[in-house]
1. Dividing the Cα convex hull volume of the range 432-543 by residue count, how many Å³ per residue is that?
2. Quote the Stokes-Einstein diffusion coefficient, in whole µm² s⁻¹, for the range 309-365, based on the Kirkwood radius over alpha carbon pairs, a temperature of 37 °C and a viscosity of 0.692 mPa s.
3. Kindly provide log₁₀ I(q)/I(0) values, in the same order as q = 0.15, 0.17, 0.18, 0.24 Å⁻¹, from the Debye equation applied to equal alpha-carbon scatterers of the range 494-568.
4. Based on the mean of other Cβ atoms within 10 Å per residue, sort peptides 378-384, 353-359, 332-338 so the most packed one is first.
5. For the range 365-437, what ratio Rg/Rh do Cα atoms give with a Kirkwood hydrodynamic radius?
6. Assuming 0.36 nm per residue, please report the length gained on full extension of the stretch Glu216 to Asp347 beyond their Cα-Cα distance.
7. Tell me, what is the FRET efficiency for Asp751 and Glu481 to the nearest 0.05, using R0 = 51 angstrom and their Cβ-Cβ distance as r?
8. Over the Cα atoms of the range 106-222, what radius of gyration and what Dmax do you get, in Å?
Amino acid sequence: MKKIIAIVLTCAMILSIAGCDQNTGNSDPDTTTASQSDGAGTEGTEGSESTEGTDAPEGGDETDAENSGEEIEMAMTYPGFENMTYSEASAAIYEANLGEFKAALETASAETDDISKRYALMAVAEAKLLEAGVFIPLKANGGSFAINRMANYTSSPVMWGSDNYRYHHSVIATEFISAADREEIKAKYNELKGTGTYLDWVKEYLTGKGYELKDEKSIYYSADLTSWDVLATNEADNAEFLCNTYDGLLEYDCENVQQPGLATGYDISDDGLTYTFHLREGVKWVDSQGREVSDLTADDFVAGFQHLLDAKTGPVSLVQNLIAGAGDYLSGDNLDFSSVGVKAVDDYTLEYTLSEVAPYFPSMMGYGLFAPMSRSFFESQGGKFGAEFEQVKDTEAYTYGQDQNSIAYCGPFICTNATSKNSMTLEANPTYWNPDALNVHKINWRFTESTDPKTSYDDAISGFVDGVVLSQALIDIAKAEATDDGSNVYDKYSYTSLTDGTTFGGFLNFFRQQFANPNDPSRMVSQKTDEQKTASMLATQNAHFRLAVYFSLDRANQNAQLRGDELKYASLRNTYTPGSMVMLTDDTTISINGTDTTFTAGTSYGKIVQAQLTADGFKAKVYDEATDSTDGFDGWYNPENAKAELEIAIEELKAQGVEISAENPIVLDYPVAAQVPEFRQGAYVIKQSVEDALGGCVIINVLEGESYDDRNYAMFYSDTGDGMNFDFMDAAGWGPDYGDPGSFLNTMLPDYDGDCTKYIGIF
């Protein structure tokens, strides 16, 4: 799913400050995973300060201005672009700044036979992306202090898809698990990972330590579901909840091993284009009352996929060029769905035919876009297919997906209660095919809209929710609260939550068209003169200028405003794709600047990115050999590097008529959600670090929004780059949709195909 670039920091921080988990505000601070949202993420869940495993929020498909035939009219025309359309200007800017990256990515994407070589070439492409300075990686979800009743690693730690939101495996105690016990659990997990024995061990360990286990999980949510149709949603809040109501064909377990789900196994054709799944027999569809509707068959996956394409509101961009015939069906060129590569061979044999070889295809099975849908139940709710869906979808006759009673269930839980802005309850499905796998039989979702972190802390202490992320203010409270053994809550129970697959980034706008929010021109208004607007546009299109800004960002001290000095490095990330996301399975030789270079089996992706950067003389350190990680340190902040890059930029821009000095600085607008003190404080840390490092030659104007919508309309709510009302922003994040670096790198494709190019003001 196109992980919609979330309102990252927004959600991330709001939820964290409110003491919630990531993305949706769950309070499971220790489990790491990706979120399911479509870019903005969150969905992959998109972005909240989670801990256990989420990705970023989920978003919708991007608008393709050219394909739609509606060319965007530019609000402001800059020198050199007077005779171009917006799309033409975007293409020219892209090629000048990202052409080398695109070529490297095309080479990597074409490698489908040798997966290790593919990963290595993807790492080269990522290095070219980082060197271009189009954005800077900032941080991951997690890396915060937390207290929780859920045991470490008892939800899937997978970085992509929705399996990290499936909570039926969770092991939960009636009291907080101590930090000391968590350390023992962590050590044992690393020993047992991959053996299939960890869940049984952790339950035995906790009961042996005197903990009482419970079969209920209680977490926050901060927004009502806007759709109960998992195939027609891009929102993280919806996806996180709904993935507990169905099973995937395959699912990643808590040891990060993909296991059979609704499929008992699958075969791949010799040409790599056809996947044949063998379905589990005896699985039942039930309604919200637990009453049987029908047997699950292969046709329900066919029905689900056609509905996905008919609805067009889900993450269809991930499949339109992947599944044979899907693109033509979506465009209307061929409305015969039988030509789409999804077939029910018989009741329990399902076949997908791809239009191109995609070694990562099985890793996509945890996403909602491959969810089954009971054809008979859908039709009983007025559902139609093909052209008839357009005719009925907005009528009273169509009720599918409107509430918990208008969907069918085949997963571990059914929804027995959904009260708006109050609570939602998931209870064990009485017909579930694998009841022995359920450690949790009830999930209580508790609504919150409080921005008072003390409320979240009190709710965790009382057991209203199972855990809370500790902001600096809550750390002080926890240290002051005594425990029965003479310690205090912080010392006894707090631990550092894991980071996940979501990467938040900072972006400079290359081609800014808006200087006030498009929805309300009285909000977030820039004070820049026309001369300053032109100068900043020319400056941001200069790679050395961009790198000067990025090398001057004190990311750690900004992060400290939220997490405290002790953890200011914990969640910092130095690459876009997490360096540990994939590793080579075989010894692999690729060319690094014309020199054949061999990387041994087991080499992590991040190490290869660093090898290319080093060969190119790029000054950022993105990989640490000692920890084999791209996280947990700041390899970008370097005022000396920043000054050196600025000196080059000053000379190059002088030739374009742009004079840069402390008397004539480049002015950059930086929107922030100022009602959250930690956000506001962090913004001024960035302002000071940039202005100090660059000697006042760059001035950061912090635009303080009065509401989250002020900031979100400035950064997120436009589908295309012409709606971005900022020069610099640091509140967008992406979580991967599948197990391949391309899930990140493809977000920077041109021609309205990349989910993140809009954040640099183009497409």
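FYI, it's all coordinate maths here, none of it is from the lab. Remember, predicted model here, so these are calculated numbers, not experimental data. Cβ placement follows ideal geometry from the backbone for every residue including glycine, while neighbour counts extend to all protein chains displayed.
1. On the way: hull volume 30.5 nm³, N = 112.
Given the Cα convex hull of the range 432-543, per-residue volume reads 273 Å³.
2. On the way: Rh = 12.0 Å.
In µm²/s, the coefficient is 273.
3. Once normalised to I(0) and log-transformed, intensities are -0.79, -0.91, -0.95, -1.12.
4. On the way: 378-384: 18.4, 353-359: 16.9, 332-338: 11.3.
Ranked from most to least packed, the peptides come out as 378-384, 353-359, 332-338.
5. Numbers: Rg = 14.5 Å, Rh = 14.2 Å.
Result: Rg/Rh = 1.02.
6. Details: separation 131, 0.36 × 131 = 47.16 nm, distance 3.53 nm.
Result: 43.6 nm gained on full extension.
7. Working: r = 55 Å, r/R0 = 1.09.
Working from the Cβ atoms, E equals 0.40.
8. Spelled out, the Cα radius of gyration and Dmax of the range 106-222 are 19.5, 56 Å.
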